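The block underneath contains the structure these notes are about, expressed in structure tokens.
Bear in mind that the values in this text are calculations on the coordinates, not laboratory data. None of the values given here were measured: they were computed from a predicted structure. Please note: Cβ atoms are built from the backbone with ideal geometry, for glycine as well, and neighbour counts cover all protein chains shown.
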Amino acid sequence: MGKNKRKKFAKVKEMAHVLEPPFKEILKQDYRLKGKWCEEFGNSNPIVLELACGKGEYSVGMGEIFPDRNFIGIDIKGARMFSGATEVEEKGMTNVRFLRTKIDMIASFFAENEVDEIWILFADPQMEKPRKRLTSMLFLDRYKHILKPGGTLNLKSDSTELYEFTKDESIPEFNNERPNYRFEKEFDTDKLYEEGIQQLDETMQKVMNIRTYYEQMWLDQGKSIKYLRYTFSKP
Ligand SMILES: C[S@@+](CC[C@H](N)C(=O)[O-])C[C@H]1O[C@@H](n2cnc3c(N)ncnc32)[C@H](O)[C@@H]1O
């Protein structure tokens, strides 16, 4: 690890709104805030997760747009969270937290129906390892416990493979194989900025215009952006 990265890593560790539970502890028992996130935020506002948040642009950006919702950015890489976590500190935002952990362990962090929305932004398409994709059946099975009925799953991506895999393979397969659970497609565009965005209301257009580090990189390379939104139902 470079010196600069080490510095960021150390600084992030000191921030009260960055939570870094040791893996060993989580393997032994669920995280102390599982089912109690409302105590951490001091209110019972809806909980929104930004998975694979990187620098956390959506947690910060949506945190400003929706002060009456709570946002948790989750990523395994602590140094990347530095910029989002610093912005939250500087702006004195109280509705954003960062959680450094593996998304694979998400069931240890959130209770049944504790989460209102999941956002996955520019996740690695994992071309060689489909099971590691954050919208694979393996991950959808994890989300189905924590996501509330009526909750939403949002995917924004530059990757045609991840977009098509999600909408044509993994979600249809999930809906078939888990008949009591269902992700219903609510919004679908493979040309977000060229045409899709005009169909969204003003607030959602603002949300769509938050740019993550990876999104900006793909836009600079001329890639078109895809966006999928699903509403979740369960018994
Ligand atoms: C391509 S980057 C995208 C970051 C950010 N969303 C953006 O758009 O700039 C993917 C991120 O996913 C994180 N990641 C991938 N798989 C993960 C997992 N299973 N658990 C936690 N983080 C993961 C990586 O650490 C990395 O920061």
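Miscellaneous remarks
- Farthest positive-ward along region 3-233 dipole, Cα basis, beta-carbon charges - from Thr203, Phe82, Thr135: Phe82
- The spread of Cα positions in region 94-187, taken along each principal axis and listed from longest to shortest, comes to 36, 29, 24 Å.
- In this structure the amide hydrogen of Gly151, modeled in the peptide plane, comes within under 5 Å of the amide hydrogens of Phe232, none closer than 5 places in sequence on its chain.
- Working note: 222 nm ellipticity from helices only, DSSP H runs with n ≥ 4, each -39,500 (n - 2.57), summed and divided by the residues of the chain, gives -9000 deg cm²/dmol to the nearest 500.
- Using the alpha carbons alone, the radius of gyration of region 160-215 stands to its Kirkwood radius in an Rg to Rh ratio of 1.05.
- Rh (Kirkwood; distinct C-alpha pairs) - region 63-120, Å: 12.5 Å
- Arranged from fewest to most other beta-carbon atoms within 10 Å of their beta carbon, Thr189, Thr166, Thr203 become Thr203, Thr189, Thr166.
- Rg over Rh for region 3-233 works out to 0.94, both radii taken from alpha-carbon positions and Rh defined as the Kirkwood radius.
- Largest first and in whole Å, the equivalent-ellipsoid semi-axes of region 130-234 read 25, 16, 12, each the square root of five times a Cα gyration tensor eigenvalue.
- Sparse-neighbourhood loop sites, GluC sites (Glu not before Pro) in region 154-235 - DSSP loop, at most 16 other Cβ within 10 angstrom: Glu194, Glu195
- Computed over region 14-71, the ratio Rg/Rh where both radii use C-alpha atoms and Rh is Kirkwood: 0.99
- Between Gly150, Gly84, Gly73, the GNM of the chain built on Cα springs shorter than 10 angstrom shows Gly150 fluctuating the most.
- 3J(HN,Hα) from dihedral phi, region 67-78, Karplus parametrisation 6.51/-1.76/1.60, rounded to Hz, x for glycine, proline: x, 9, 10, 9, 10, 10, x, 10, 7, 7, 9, x
- When Ile118, Ile146 are sorted by how many other C-beta atoms sit within 10 angstrom of their C-beta, beginning with the fewest, the order is Ile146, Ile118.
- Of Lys191, Lys156, the sequence from fewest to most neighbouring Cβ atoms within 10 angstrom is Lys191, Lys156.
- Charge dipole of the chain about the Cα centre (unit charges at C-beta), most positive-ward option of Leu121, Phe187, Asn154: Leu121
- Dipole magnitude (debye, nearest 20) for region 3-233, charges at Cβ of Lys, Arg, Asp, Glu: 1200 debye
- Cross-link pairs Lys7/Lys185; Lys36/Lys191; Lys13/Lys191; Lys7/Lys144; Lys185/Lys223; Lys5/Lys234 - those with Cα-Cα distance over 32 Å: Lys7/Lys185; Lys36/Lys191; Lys13/Lys191; Lys7/Lys144; Lys5/Lys234
- Residues with amide H under 5 Å from that of Leu19, placed H, sequence gap 5 or more: Phe98, Leu99, Arg100
- Of the residues Tyr163, Leu228, Met105, the one whose Cα sits farthest towards the positive end of the charge dipole of the chain is Met105 (charges of +1 on Lys and Arg Cβ, -1 on Asp and Glu Cβ, taken about the Cα centre).
- The DSSP beta bridges internal to the chain are antiparallel in roughly 35% of cases.
- Less than 5 angstrom separates the built amide H of Lys55 from those of Tyr213, all sequence-distant by 5 or more or on a different chain.
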